[in-house]
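The values are calculated or read from the model by the stated rules, or taken from the named source; none is laboratory data. Here the structure is a predicted model, which is why all the values come from computation and not from measurement. Here the Cβ positions follow ideal geometry from the backbone for every residue, glycine too, while neighbour counts run over all protein chains shown.
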Amino acid sequence: MTNHDLCFAWDCDGDSAFVDLLDEACRQERLALLQVTPANLETVLKALQAGELGFRAYFDRASDEEPGFLPLANWARAHCTVRINPHEHAERAWDKAAMHAALSTVLHTPPTLILPPYREQPELPGLDLSPLGPAFTIKPAYGGGGTGVVTCISPDRIPAARQMFPDTKYMLQSHIVPVRLDGRPAWFRILHAAGKYYPCWWDDQTHVYTTLTCAAEEHYGLRPLRGIAETIVHITGLHLFSTEVALTPEGKFLVIDYVNNPVDLRPQSKTPDGVPNLLLRFIARDIARLVARELAAANHAPAASHGDSR
């Protein structure tokens, strides 16, 4: 039987640079890495079923878009000691409406209305938009990358927007204009990876990251960003995600885009709106170190249980 420490499932070409970094980080931690892509998925599943192959940790960046990877995720749930972003946790976080319900009670969020799917309820008589203010953003409760998101000032655009994904709930969220700090909009994207926190300035128009230095964090009083990330970790149980936070002129930190998962891991060196290359290297390192720690701890445990959601 061939055993690996970490299985990484991926199916997006944009992940190729991250895969190289993860492979390097795993070698540094003396972890044997198994990569599963659509090209070898069937072979791997057959080997698992036959007992010819195994792994102890699993990192899934494929099953959100490709259902063919779900049997692999299910095998990992039953057999793995460590799972990065367990599927059942990730699936819950994909629902922005559910995340709004969970996070709005403990964090500041913009005024928001949740609309039923268009196919379920085409007409919305008596819809009161006054809590949203003069402008609002329409976004589907599922999906990412800005797909289906429309910022508008007219309710006339709501029906057409809802029909883009007629079986999906939609959110109407008050459009937020952040305060400017020395000429820069105070809009932030926080990357969280395996207990580490990486805050970035983030332009909501160009989607370009710029690393937020510790000095700037202290100078502008941005330490609350860390607490926001920690709260999201506690509620979602995810190891790798990003979140967007805006600082209002009144000094309130509003969580705008609650949980982005999977995170777009394209490097900034290849695409302007990608993750800064150094941060991408840190993320790969942090995940490899987490897996190494957890597997080492399991080795010394009297009776390690499988299917751990850590």
For the range 205-228, state whether one or more residues are hydroxyl-bearing (Ser, Thr, Tyr) and closer than 24 Å to PHE59 by Cα.
-> no
Somewhere in the range 19-30, is a residue among the basic types (Lys, Arg), closer than 26 Å to ASN260 by Cα and in contact (Cβ under 8 Å) with a residue 12 or more places away in the chain?
-> no
Qualifying positions in the range 77-91 - in contact with a helix residue (DSSP H, G or I) (Cβ under 8 Å, 6 or more places away or on another chain) and buried (at least 20 other Cβ atoms within 10 Å of the Cβ) = THR81, VAL82, ARG83, ILE84, PRO86, HIS87
Among the residues of the range 130-149 satisfying the criterion of being of a type in the set (A, V, I, L, M, F, W, C) and surrounded by 15 or more Cβ atoms within 10 Å (Cβ to Cβ), which is farthest from SER174 (Cα to Cα)?
-> ALA141
Given the range 196-310, what helices (runs of 4 or more DSSP H) lie entirely inside it while holding 3 or more residues that are surrounded by 13 or more Cβ atoms within 10 Å (Cβ to Cβ) and among the β-branched types (Val, Ile, Thr)?
-> 224-236, 277-300
Look through the range 253-267, keep the residues that are over 29 Å from VAL82 (Cβ atoms) and at pLDDT 95 or above, and return whichever of them is nearest to the chain's Cα centre (by Cα).
-> LEU254
Of the residues in the range 158-175, how many are crowded, with 19+ Cβ neighbours inside 10 Å and not hydroxyl-bearing (Ser, Thr, Tyr)?
-> 7
Output yes when any residue across the range 94-111 is under 19 Å from GLN173 (Cα atoms), touching a residue at least 60 places away in the same chain (Cβ under 8 Å) and among the basic types (Lys, Arg), and no when none is.
-> yes
